[in-house]
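So the structure is just underneath, and the comments pick up after that.
Only the coordinates and a few stated rules stand behind these numbers; no lab work does. Keep in mind it's a predicted model, so treat the numbers as computed, not measured. Note that we place each Cβ from the backbone using ideal geometry, even for glycine, and neighbour counts take in every protein chain shown.
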Amino acid sequence: MIIIRPIETKDLPDLLNMAKNAGSGLTTLPANEALLLEKIESSVASFNQNTEQNHRFYMFALEDTEAGRIAGVCGIEAAVGLTDVWYNYRVSTTVNASSELGIHKQTPTLYLTNDMTGCSELCSLFLDADYRKGNNGRLLSKCRFLFLAQFPHLFHQKVFAEMRGYSDERGVSPFWESLGRKFFSLDFTHADYLTGTGNKSFIAELMPKYPIYLPFLSQEAQDTVGKTHDNTRPALAMLKSEGFNFNGLVDIFDAGPLVEAFVDNIRAVRQSRLVSVEVGCAPEFDETDRDPLIVANTHYLDSRTGLISKQALVGKRLLISKSQASSLKLKTGDQVRILSLRESVNLKSTHK
């Protein structure tokens, strides 16, 4: 069975292999064993409530219980920018006009901002290439919405995701080559890696504080502002279907777009609902089913999420097998939060 659970220290080897395969642009998943262990330990401490609420980082792992390995991860930062300054560029417009000369010029301009400080971030989403099939990607991404719905008090009312920006097949970012390299004298991969390892002081020290007029950059760089990496387009489309929208901010390294939503406006949060579990005879789950139910237990420390046939929902009861109950840490009488995997289906309920 494929389940989502909090990451554990034993997952480090699998996580390191995934980080090595992620390539450049996934800032929060650097291929550094010590840093990845630190992230895992930070998540473990967060789930054990050994960290201040605003400084918590929750990382979830997609586990193939039959193969005995994890094949994907995703995370939620409770609040960004409270320890290290969080930088973005806001895409805006500068207007210069002269009535005497009959000139009215609008120039697209980038302004350095810290606008997302204190907001919660969806981050570190990565799925192993061998598992990019069926419902795995949707499950991995949407499991976080059920966690937000169940524990809204742990997060900011606004949540955002910073999408991976465009880079070519060699991992070169035109935006970085035209702007960042002029101030940092580093290639994109190295600068992105330094940020992922927590070495962010160089940004504050070297980043230009004045507005950047986009026409000063190469046309290729201008064309990538707000554009995502090819591999990121499905994730962006999914977030948009959940109610996330581009907020005018882009990443300072690769100009990838930020999308945001208020937690209560996220489709998955609004439409999820609680039902009771009954363990016993239950319909089998077919992995080829395009529209199963996402089922999440309501535990905090022992959070588990998986997919179950929609036929298992009978009124306000969810029928699950003993093996499913074991994998999801459930027993008869427990409550679970459920959601239709596909956004086209509404279970006609709001979360409470």
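Assorted remarks:
- Out-of-range pairs (alpha-carbon distance over 31 Å; input Lys105/Lys209; Lys133/Lys240; Lys10/Lys240; Lys158/Lys331): Lys10/Lys240; Lys158/Lys331
- Residue order, fewest to most beta carbons within 10 Å, for His229, His156: His156, His229
- Label positions at Asp84 and Asp223, each projected 7 Å from the Cα along the C-beta direction, are separated by 3.3 nm.
- Nearest-0.05 FRET efficiency for Ala34 and Leu186, computed from C-beta distance (R0 25 Å): 0.75
- Size of charge dipole - the chain - debye, nearest 20, with Cβ of Lys, Arg +1 and Asp, Glu -1, no other charges: 1240
- Inter-probe distance in nm under a simple model that places probes 7 Å from Cα toward Cβ, at Glu287 and Arg170: 3.9
- The GluC sites (Glu not before Pro) of segment 114-185 that meet both conditions, a loop assignment by DSSP and at most 12 other Cβ atoms within 10 Å of the site Cβ, are Glu169.
- Computed label-point distance, nm, for sites Gln157 and Ala129 using a 7 Å Cα→Cβ extension: 4.5
- For the chain, the average shadow cast by the Cα convex hull is 19.3 nm², which is a quarter of the hull's surface.
- GNM on the chain, alpha-carbon springs under 10 angstrom: the most fluctuating residue among Ala312, Ala129, Ala191 is Ala129.
- Normalised by the number of residues in segment 242-287, the mean separation of alpha-carbon contacts (under 8 Å, six or more apart) gives a relative contact order of 30 percent.
- Coarse-grained scattering of segment 73-135 at q = 0.16, 0.27 Å⁻¹, given as base-10 log I(q)/I(0) from a Debye sum over alpha-carbon atoms: -0.74, -1.07
- In straight-distance terms, cross-link reach from Lys316 covers every one of the aspartates and glutamates whose alpha-carbon lies under 20 Å from its own, apart from those fewer than eight places away in the same chain; here that gives Glu278, Glu284, Asp291, Asp334.
- Using C-alpha pairs below 8 Å separated by at least 6 residues, the relative contact order for segment 126-227 is 28 percent.
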